[in-house]
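The values are calculated or read from the model by the stated rules, or taken from the named source; none is laboratory data. This structure is a prediction, so every number in the text was calculated from the model and none was measured. Neighbour counts run over all protein chains shown; Cβ positions are idealised from the backbone, glycine included.
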Amino acid sequence: MIEIREGRGCDGPWGPHAKLKLDHLGKEVLESRLPGILELSRTFAHVDPVKEPIPVIPTCHYMMGGIPTKVTGQALTVNEKGEDVVIPGLFAVGEIACVSVHGANRLGGNSLLDLVVFGRAAGLHLQESIAEQGTLRDASESDIEGSLDRLNRWNNTRSGEDPVAIRKALQECMQHNFSVFREGDAMHKGLEQLKVIRERLKNARLDDTSSEFNTQRVECLELDNLMETAYATAVSANFRTESRGAHSRFDFPDRDDENWLCHSLYLPESESMTRRSVNMETETASGHSRRRFVLTNAETGK
């Protein structure tokens, strides 16, 4: 991304990019060891890696942050003392949640924890909570109206800017100013761009208002979410004046445990930042007795 940003990238129908050259490996090696890359390159980039370089560009792969939660999926906020406070009735699981097992850089395969471990824990806790409470309160008219506000805003807008153009502008802003390697001046510039894009989004239109299989409506609602997530990411990145894990800053290249051994917590209502402490206590084994396995003969049972 540095090469591209500094003007040393390649131009093409995909926009500025770098080239990944694999033809020196030979057709046999590529087909036996990298068949997935061959298929993706031929299908989506329309290039054959056996003969020509592959256009590549970094993109967002995983969100290591998210809504702070307990291991049971209960969403958390912080009070004026900086203490964790459970938000009643709100749960988050999967990549949208931050149980804080990944730190600043997730290990490969560890995203399974968000679903298999904490997703199950959240489901079990919900089951127990509902059983204890008995009946649950029905949604009020104001609850329903509040949930439908965003949907109605899109359904009732017939004029304005094409959301596809806004999404492209959002992607380019994040790619150029908040990618893997960051720098203060670029982030300040990017934040100003995001504010303009957010205003443009308020005046975007929905052309397809059908109620069945409406993919444009889904994309517009996703764009709302992308905008909120992008702005939170940008403000948080600019707030943290150090480098840690996947957050690398040229202007603050070192890790700073004295000031930044904490979570950055973005508060969307006030568009402000605060900090949340990190639990440094190590979880130990539960003390289960050692399991023993005995091999038996399938025919004799001995």
Residue that is nearest to the chain's Cα centre (by Cα), among those in segment 53-70 that are surrounded by fewer than 19 Cβ atoms within 10 Å (Cβ to Cβ) and not in a loop (DSSP other than H, G, I, E, B): ILE67
Residue match in segment 175-195 (condition: at pLDDT 95 or above, under 22 Å from GLU219 (Cβ atoms) and either polar (S, T, N, Q) or surrounded by 14 or more Cβ atoms within 10 Å (Cβ to Cβ) (or both)): yes
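Out of segment 187-199, which residues are in contact (Cβ under 8 Å) with a residue 12 or more places away in the chain and hydrophobic (A, V, I, L, M, F, W, C)?
Step one: filter segment 187-199 for residues in contact (Cβ under 8 Å) with a residue 12 or more places away in the chain, giving 187-191, 193-194, 197-198.
Listed by number, the residues that qualify are MET187, LEU191, LEU194, ILE197.
Determine which member of the set ALA230, ALA237, ALA186 is in a helix (DSSP H, G or I), under 22 Å from ARG5 (Cα atoms) and over 18 Å from the mean Cα position of the chain (by Cα).
Values: ALA230 fails: over 18 Å from the mean Cα position of the chain (by Cα); ALA237 fails: over 18 Å from the mean Cα position of the chain (by Cα).
Among ALA230, ALA237, ALA186, only ALA186 is in a helix (DSSP H, G or I), under 22 Å from ARG5 (Cα atoms) and over 18 Å from the mean Cα position of the chain (by Cα).
So which of GLN216, GLN193 ends up being assigned by TED's automatic domain parsing to the domain that holds HIS247, of a type in the set (S, T, N, Q) and closer than 22 Å to TRP14 by Cβ?
Numbers: GLN216 fails: closer than 22 Å to TRP14 by Cβ.
None of the other options fit; the residue is GLN193.
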Residue under evaluation SER142, criteria (1) part of a helix (DSSP H, G or I); (2) surrounded by 11 or more Cβ atoms within 10 Å (Cβ to Cβ), criterion not met: (2)
LEU170 vs. criteria surrounded by 14 or more Cβ atoms within 10 Å (Cβ to Cβ), at pLDDT 90 or above, in contact with a helix residue (DSSP H, G or I) (Cβ under 8 Å, 6 or more places away or on another chain) and not in a helix (DSSP H, G or I): no
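In this structure, is ARG200 more than 22 Å from the chain's Cα centre (by Cα), surrounded by 11 or more Cβ atoms within 10 Å (Cβ to Cβ) and part of a helix (DSSP H, G or I)? Outline the logic, then answer.
Numbers: more than 22 Å from the chain's Cα centre (by Cα): yes; surrounded by 11 or more Cβ atoms within 10 Å (Cβ to Cβ): yes; part of a helix (DSSP H, G or I): yes.
Yes, satisfied.
Mind listing just one residue for me: the one in segment 76-93 that is loosely packed, with under 14 Cβ neighbours inside 10 Å and among the small types (Gly, Ala, Ser) and, of those, nearest to the chain's Cα centre (by Cα)? Steps first, answer last, please.
Restricting attention to segment 76-93, the residues satisfying the condition of being loosely packed, with under 14 Cβ neighbours inside 10 Å are 79-83, 85-86, 88-90.
Next, from what is left, pick out any that are among the small types (Gly, Ala, Ser): 82, 89.
Numbers: GLY82: 25, GLY89: 23 Å.
Only one residue fits best here, namely GLY89.
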Unmet criterion (only one of (1) more than 18 Å from THR229 (Cβ to Cβ); (2) in contact (Cβ under 8 Å) with a residue 60 or more places away in the chain; (3) of a type in the set (Gly, Ala, Ser)) for ALA104: (1)
